[in-house]
1. For the stretch 137-178 and the stretch 25-101, compute the distance between their C-alpha centroids and round to whole Å.
2. Rounded, prolate or oblate: which fits the stretch 39-81, taking a ≥ b ≥ c as square roots of the Cα gyration tensor eigenvalues, rounded meaning a/c under 1.5, else prolate when a/b beats b/c?
3. Relative to the present Cα-Cα distance, how much length would full extension add between Leu21 and Arg159 at 0.36 nm per residue of separation?
4. With a cut-off of 16 Å, note down the residues of the stretch 172-206 whose backbone N falls inside the zone around a label point 7 Å from the Cα of Trp99 toward its beta carbon.
5. How large is the convex hull of the C-alpha atoms of the stretch 138-290 per residue, in Å³?
6. Measuring from a point 7 Å past the Cα of Asp12 along Cα-to-C-beta, which residues in the stretch 138-162 have an amide N at less than 18 Å?
7. What's the local net charge at Ala145, with K and R +1, D and E -1, over the other residues with C-beta under 15 Å away?
8. Which whole-number percent is the relative contact order of the chain (Cα, under 8 Å, 6+ apart)?
Amino acid sequence: MVDNDDAAPGWDAIDAALAPLYPGIEPKHYGTLLKWRLGGPDPLDGISAYRRADHWHLVSYGMSELYAKESDDAEESGWGFEFTFRVARSATENDPPIWALNFLQNLARYVFASGNPFASGHHIDLNGPISDASPETAIRAAVFAEDPELGAIDTPHGRLRFLQVVGLALDEYAAIERWNAEGLLAALAPTLPLLVTDLDRTSLTDDPAVTAAVEDGTRREGSATGSLFVQEAGWRTDRSGWVRTKQTTTLTFGASAAARIGRVLHARLPFGRDLLVEAHDGGIGFRPGVEVSVREVGGGMLEVEVPPALLDELTEVLRPVTGSHHLASAPELAVEIVQSRIRDQEGNVVAEMG
């Protein structure tokens, strides 16, 4: 299957892992004409697509070391994983959807450009539909999990995991932030045993069994989400009075993220866990405390210690409605919710909130 004359022991190891699952089956393979290492635009050297009865099983080649060993880490091959992606297919569909191939290349491009690899349990808000070809789809986020059929393998260049991309509705994504990825995926497993991404499905949080599992897990375990990256999160300090000794710090959040921040705060601070809310130019760290404390910690960051009474007020005012709020339990603090502009993956404004 290798479209390169060089020896490719890493590629061969991936093929060997797939052979027992697909004995004698030749997949549809989509290779890259000009490879990334030669200056091409696509990091993945190829993607194989295996046709199943109800879905396509896509497997990437390029996140691990396919040819020579180049990294200093003998334990892992390349980034330590290859992507897999299971996408629903109709009975008459003979070719995998192009958007899914492009999506995997975009994920790979992000890793190569940022140096930030994905891992099982990581999750992302896609800020729009997962496929531009299906603008009405509810699938607008993703989580990463170990492929349920492929797991992890050892290769001549080190270990790699087959990391499956799983499309989620935003309600499901919110459940992960309030709880954790492993718990939510276990709750979805009876309906999605192989974690197939289906653009036509609705949110499974409408299922009472899933809702009960999320609520029970959140109540028992709290949230595993230690940080949130949002478009708008900042703060400013104002002084007033004749000698300007009275100080008020205003925390500013975008309407699109306000309720999300409130939900995660409520699922972390009572469990003794911090929450960092970051934006492009700074952010705010919240810590559980006995008394209100506000201090600048450098780098555009503010740290706020939050006692229970303040937590209750914060979760009450963190709503997707613009306005300013003074906090009775913390006169030195105010919260301002500002309008958010929702952008697609190309940066175009597609909606406004607040």
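1. 15 Å
2. Numbers: a/c = 3.74, a/b = 1.87, b/c = 2.00.
It is oblate, given that a/c is not under 1.5 and a/b is not larger than b/c.
3. Net length gain for the segment: 47.8 nm.
4. Counting backbone N atoms under 16 Å from the label point, the list is 197-203.
5. In the stretch 138-290, the Cα hull volume divided by residue count equals 169 Å³.
6. Under cut-off, by backbone N: 153-160.
7. With Lys, Arg at +1 and Asp, Glu at -1, the net is -4.
8. In percent, rounded to a whole number, it is 11.
Coordinate-derived values only; no laboratory data. None of the values given here were measured: they were computed from a predicted structure. All Cβ positions, glycine included, derive from the backbone under ideal geometry; neighbour counts span all protein chains shown.
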